[in-house]
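Structure record follows, encoded as structure tokens.
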Amino acid sequence: MAAKAQHEYAVYLFQQGFYEDAVKQLDDALREEETAERWSDWATAQFGSNHFAEAERGFRRALELSPELPEAAVNFGTMLASQSRWAEAIEMFEGVLARLEPDGRAAVRTFAEQCRAQLNGVIRDSGAR
């Protein structure tokens, strides 16, 4: 199967909730042609499978290949926030804001604010002990 078709099929599998199968298809597509979008999708599927170390590696590779890819940055920020890595998530979200459409920008700004509130709560809680 051609890499483009594999990528499209992997996206379909991901949308159906078959994250592990999507990863396998994306592995094959990446072997044929490495792109930031494929790495981002691979990382998102790894995140969906709770393979956080692999997901982080994939998001970092996607952003290395294409720093302007907003989907990778937003999904990476979301993963970081899911792991309570608030400061890193804030940095990722704020770094992508300028590249987003207005609706997306508002949502990501809200995510960053929620992370900041969590971070401030953690700092406040640790200072009270």
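Every read-out reported here was derived from the displayed coordinates using simple, explicitly stated rules and does not represent laboratory data. A quick note: this is a predicted structure, and the numbers were derived from the prediction, not measured. Glycine also receives a Cβ, built like all others from the backbone with ideal geometry; neighbour counts cover every protein chain displayed.
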For this session: Mind running the shape call on the stretch 1-66? Use the C-alpha gyration tensor, a ≥ b ≥ c as the square roots of the eigenvalues: rounded below 1.5 for a/c, prolate if a/b tops b/c, oblate otherwise.
Result: oblate
Problem set entry | Test item: Cα-centred dipole of the chain, Lys/Arg +1 and Asp/Glu -1 on Cβ, debye | 560
Exercise. How far is helix 36-48 tilted off the main Cα axis of the chain, in degrees rounded to 10, range 0 to 90?
Worked result: 70
For this session: Identify, among F111, Q83, V122, the residue whose Cα sits farthest towards the positive end of the charge dipole of the stretch 62-129, taking +1 on the Cβ of Lys and Arg and -1 on the Cβ of Asp and Glu, with the dipole about the Cα centre.
Result: V122
Problem set entry | the stretch 1-66 - charge dipole about Cα centre, Lys and Arg +1 at Cβ, Asp and Glu -1, debye rounded to 20 | 100
Seminar exercise, completed: Output ordering of 66-74, 93-101 (per-residue mean of other Cβ within 10 Å, highest first) is 66-74, 93-101
Problem set entry | In degrees, nearest ten, helix 52-65 long axis to first principal axis of the chain (Cα) | 80
